[in-house]
Amino acid sequence: MEKLYDSGKARAVGVSSFSCKKIEDLLAIARVPPAVNQVECHLIWQQDKLQKLCHSRGVHISAFSPLGSPGSSLPGVSGAIVLSNPIVISVAEKLQKTPAQVALRWCLQMGQSVLPKSTNEARIKENFDIFEWSIPEDLMAKFSEIKQACLKS
């Protein structure tokens with residue numbers, strides 16, 4: 001990838017699903033650091049440690065499955081659980097938004113880009129309505145109370 005970058009055929013190098021260890025190992029040897037790490041990240045799997053590491057090293061996080069992942073191998077993680085989480089619902093009601101809009105807006109306020117997936121035209125339009133408002137800090141703090149999924153070793 002670095003040769004492609006050097007030749008001008010790639011404007012940046014990115015990685016996908018890199019853990020903290022993989023990012024640290026790569027940064028220790030890479031001449032061209034990755035610009036982005038595309039990972040599953042949402043309110044039920046916030047990946048706080050990875051977010052902090054990437055931010056400190058200038059690696060942008062791009063969140064895939066920001067609404068949850070119905071087919072996820074993570075125990076207890078599905079789109080239904082993310083969007084039906086009582087804290088997410090409570091915040092959505094206070095802001096007069098949908099749980100999906102709140103989940104997507106959380107990602108943006110965390111500095112991530114988001115890659116939501118939908119084939120439903122109404123939901124696609126709804127997903128775009130996340131830019132003209134924000135979640136206040138007191139409500140953002142509530143998301144830290146959400147029990148996090150974790151990988152089994």
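Accessible area per residue for the chain is 60 Å², calculated with a 1.4 Å probe on protein heavy atoms, without ligands, DNA or RNA. Our helix-only sum for the chain, with -39,500 (n - 2.57) per DSSP H run of n ≥ 4 divided by its residues, gives a mean residue ellipticity at 222 nm of -11500 deg cm²/dmol. Result for the chain in a Gaussian network model with C-alpha springs under 10 Å: among Val59, Val32, Val114, the largest mean-square fluctuation is at Val32.
Taking the Cα centre of the chain as reference, the dipole from Cβ charges on Lys and Arg (+1) and Asp and Glu (-1) amounts to some 400 debye. Contact order for the chain, expressed relative to its length and based on alpha carbon pairs under 8 Å spaced 6+ residues apart, stands at 21 percent.
Tell me, what is the FRET efficiency for Ala28 and Ser7 to the nearest 0.05, using R0 = 22 angstrom and their Cβ-Cβ distance as r? Using R0 = 22 Å, I get an efficiency of 0.35.
Charged neighbours of Val13, selected by a Cβ distance under 11 Å, balance to +1 (K, R count +1; D, E count -1).
Gaussian network model of the chain, Cα springs within a sub-10 Å range: biggest mean-square fluctuation belongs to which of Gln51, Gln109, Gln38? Top of the fluctuation ranking is Gln109.
With a Cα-only, solvent-free Debye model of the range 86-153, what are the log10 I(q)/I(0) values at q = 0.16, 0.25, 0.26 Å⁻¹? Debye output, listed in q order: -0.58, -1.20, -1.25. Over 26 Å apart at the Cα level, from the set Lys49/Lys147; Lys97/Lys147; Lys22/Lys142; Lys49/Lys94; Lys52/Lys147, are Lys22/Lys142; Lys49/Lys94. Diagonalising the gyration tensor over the Cα atoms of the chain and scaling each eigenvalue by 5 before taking the square root yields semi-axes of 29, 17, 15 Å, largest first. Measuring r between the beta carbons of Arg123 and Ile89 and using R0 = 25 Å, the FRET efficiency lands at 0.90. Rounded to the nearest 5, the antiparallel percentage of DSSP beta bridges internal to the range 1-145 is 10%.
The values are calculated or read from the model by the stated rules, or taken from the named source; none is laboratory data. Bear in mind that the values here come from a model prediction, so they are computed numbers and not experimental data. With ideal geometry, Cβ positions are generated from the backbone for all residues, glycine too; neighbour counts draw on all protein chains shown. These area figures cover heavy atoms from the full protein model, side chains too; ligands, DNA and RNA do not enter into them. Shrake-Rupley method; radii C 1.70, N 1.55, O 1.52, S 1.80 Å.
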